[in-house]
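The values are calculated or read from the model by the stated rules, or taken from the named source; none is laboratory data. This structure is a prediction, so every number in the text was calculated from the model and none was measured. When we count neighbours, we look across all protein chains shown, and the Cβ atoms used for this are built from the backbone with ideal geometry, even at glycine. Just the protein is used for accessible areas: all its heavy atoms, side chains included, with ligands, DNA and RNA removed. Shrake-Rupley method; radii C 1.70, N 1.55, O 1.52, S 1.80 Å.
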Amino acid sequence: TGEKFFADRVIVATGGGTSLLRPLGHKTVPFSPVLCPLKTDAGSVRGLTGLRCACRAELIRCGKSVYTEDGEILFRDFGVSGILALNLSRHALPGDTLSLDLLPELSLEALTAKLSAQKALRRGDADLFTETVARRAKSSEISELARIIKNYRLSVLGPGDTQHAQVTRGGADVSEFDSETMESRRVPGLYAIGEALDIDGA
């Protein structure tokens, strides 16, 4: 309406309020979907669609671990879903490697000994897991099978079905606001809260 208001303090609580904060010198992060499934290379999930697995997941970027979490993952025809995959989507980037420890309760040595004794993996959907994992093994050695079970790798291509993303990330860079008062470090008297900042609300 062209009206002007004067105040000692202004609070930006407008959700995607980057258009208000950017002109005042604040850095902003582009909006993108998060808390969504992850799309991976097709070969890694072939034959596993619909299976759920309690595992430990680790994101690896340029040879370094960037995030680890335990939980349940759901294999889909395009990649992985489930609560664990949604949490991983906050941190994953295209080109990352997703390493799944399909039996985190056992050490590599203990798993190798167990497989050697049983000659097969005994757990829910074991035959399908074993068959799929065995296809990736370079040899028929039990030690090779155990190594892949403890480090089942998938290549992250990006977010999966973004229509099912629960939130978006993006907004003003949180490092430019005081974490206790939420006051701008650049503009005294200016505050920002909620999704005007680069948070995902989870």
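Helix 108-118 versus the longest principal axis of the chain: what is the Cα-based angle in degrees, 0 to 90, to the nearest 10?
For 108-118 against the chain, the angle is about 40 degrees.
What residue among 67, 42, 26 has its Cα farthest toward the positive end of the dipole of the chain, where the charges are +1 on Lys, Arg and -1 on Asp, Glu, each on the Cβ?
42
Can you send over the carbon and sulfur percentage of the accessible area for segment 1-63, probe radius 1.4 Å, protein chains only? Display every interim value, and only then the final one.
Details: 2220 of 3990 Å².
Carbon and sulfur: 56 percent of the exposed surface of segment 1-63.
At 0.36 nm per residue, minus the direct Cα-Cα distance, what do residue 64 and residue 6 gain on full extension? Give it in nm, one decimal, please. Could the numbers behind the result be given before it?
Working: separation 58, 0.36 × 58 = 20.88 nm, distance 4.98 nm.
Difference between extended and current length: 15.9 nm.
Ratio of Rg to Rh for segment 11-84, alpha carbon only, Kirkwood?
On the way: Rg = 17.9 Å, Rh = 15.3 Å.
So for segment 11-84, dividing Rg by the Kirkwood Rh gives 1.16.
For the chain, what is the mean residue ellipticity at 222 nm derived from helices alone (per DSSP H run of n ≥ 4: -39500 (n - 2.57); sum divided by total residues; nearest 500 deg cm²/dmol)?
-6000 deg cm²/dmol
How many percent of DSSP beta bridges within the chain run antiparallel, rounded to 5? Numbers along the way, then the final one.
Numbers: 33 of 37 bridges.
Antiparallel bridges make up about 90 percent of those DSSP assigns within the chain.
Label-point separation (nm) for residue 91 and residue 144, each offset 7 Å from Cα along Cα-to-Cβ?
3.1 nm
Would you mind checking the radius of gyration and Dmax of the chain based on alpha-carbon positions, in Å?
Reported Rg and Dmax, both Å: 22.5, 79.
Which of 88, 191, 151 sits closest to the plus end of the dipole of the chain, meaning its Cα is farthest towards the positive end, when Lys and Arg get +1 and Asp and Glu get -1 on the C-beta?
Of 88, 191, 151, it is 151.
Can you tell me the accessible area per residue over the chain, all protein chains present, probe 1.4 angstrom, in square angstrom?
Details: 11360 Å² over 202 residues.
Result: 56 Å² per residue.
Given a 10 angstrom Cα cut-off, can you work out which residue in 37, 94, 188 is the most mobile in a GNM of the chain?
Largest GNM mean-square fluctuation: 188.
So what's Rg/Rh here for segment 46-124, counting alpha carbon atoms and using the Kirkwood radius for Rh?
Numbers: Rg = 13.8 Å, Rh = 13.7 Å.
In segment 46-124, Rg relative to Rh is 1.01.
For the pair residue 179/residue 20, report the inter-label distance in nm, with labels modelled 7 Å from Cα in the Cβ direction.
Between residue 179 and residue 20, the simple spin-label model gives 2.5 nm.
For 147, 135, 9, write out the residues from largest to smallest accessible area, computed with a 1.4 angstrom probe and no ligands counted.
On the way: 147 105, 135 135, 9 160 Å².
Per-residue accessible area, sorted high to low, gives 9, 135, 147.
Starting from the residue with the highest accessible area, list 187, 12, 174 in decreasing order, probe 1.4 Å. Write down the numbers at each step before the final one.
Working: 187 40, 12 10, 174 70 Å².
Listed by decreasing accessible area, they come as 174, 187, 12.
Let me check something: with ligands and nucleic acids excluded, how do 175, 99 order by accessible area (1.4 Å probe), largest to smallest? Before the final figure, lay out each step's value.
Working: 175 70, 99 10 Å².
Result, largest first: 175, 99.
What aspartates and glutamates does residue 64 reach when the alpha-carbon gap must be under 17 Å and sequence neighbours fewer than 8 apart in one chain are set aside?
Hits, sequence-local ones excluded: 96, 101.
Under a Cβ-only charge scheme (Lys and Arg +1, Asp and Glu -1), can you give me the dipole magnitude of the chain about the Cα centre, in debye to the nearest 20? Walk me through the intermediate numbers first.
Working: 25 positive and 26 negative charges, 132 e Å.
With only Lys, Arg, Asp and Glu charged at Cβ, the dipole is about 640 debye.
Quick check: the angle from helix 126-136's long axis to the longest principal axis of the chain, C-alpha only, nearest 10 degrees?
Between helix and principal axis, roughly 80 degrees.
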